[in-house]
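Bear in mind these aren't lab numbers, they're just calculated from the coordinates by the rules spelled out. This is a predicted model, so every value here is computed, not measured.
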Amino acid sequence: MTRGRTAGALICAFSAAALLSGCSQVAALAPVGGNGVAEVRYGAIDVLLGDGVEILEAPACVASGDAVTCEGTTAAGETIAVVSSTRADAQLEVKVATRVLYSGSLQTVLDEAARS
């Protein structure tokens with residue numbers, strides 16, 4: 001009887017762990033499906049990481065109407081500047097100092113990140 005209870009307890013423990021890890025995975029996905037400002041921020045971070053930029057301060061974004069601007073800092077002390085919008089056809093521009101790392105569709109960046 002003890003052996004059966006131990007097995008049952010283990011099954012319950014593993015089930016609980018599986019459910020909790022599933023919840024954390026869903027929570028991690030929530031920002032990607034969130035509002036336009038969050039999508040711009042995550043898109044910018046994807047571009048920066050994809051280009052090998054070491055980030056000291058991740059871009060912080062603010063919206064004014066449908067325009068979104070973000071600022072951050074690289075580990076080398078360079079300024080990260082991001083411009084986009086919350087419109088469905090949003091264009092994203094990500095710059096480090098004066099270098100333009102990306103200029104194009106925000107949705108393309110988000111789609112590529114989702115595939116990888």
- Query: Applying the Karplus parametrisation 6.51 cos²θ - 1.76 cosθ + 1.60 with θ = phi - 60° to the phi angles of region 40-52, what ³J(HN,Hα) value in whole Hz is obtained for each residue in order, glycine and proline being reported as x?
  - Reply: 5, 4, 5, x, 5, 5, 4, 4, 4, 5, x, 8, x
- Task: Starting from the amide H of residue 85, placed 1.01 Å from N in the peptide plane, find each other amide H under 5 Å away whose residue is 5 or more places distant or on another chain.
- Result: 68, 91
- Residue by residue, what Karplus-based ³J(HN,Hα) values in Hz, rounded to whole numbers, does region 101-109 have, using 6.51, -1.76 and 1.60 with θ = phi - 60° and x for Gly and Pro? 7, 7, 9, x, 5, 5, 4, 4, 5
- Mind listing the long-range amide H neighbours of residue 102? Cut-off is under 5 Å, sequence gap 5 or more, other chains count too, H placed in the peptide plane at 1.01 Å from N. 94
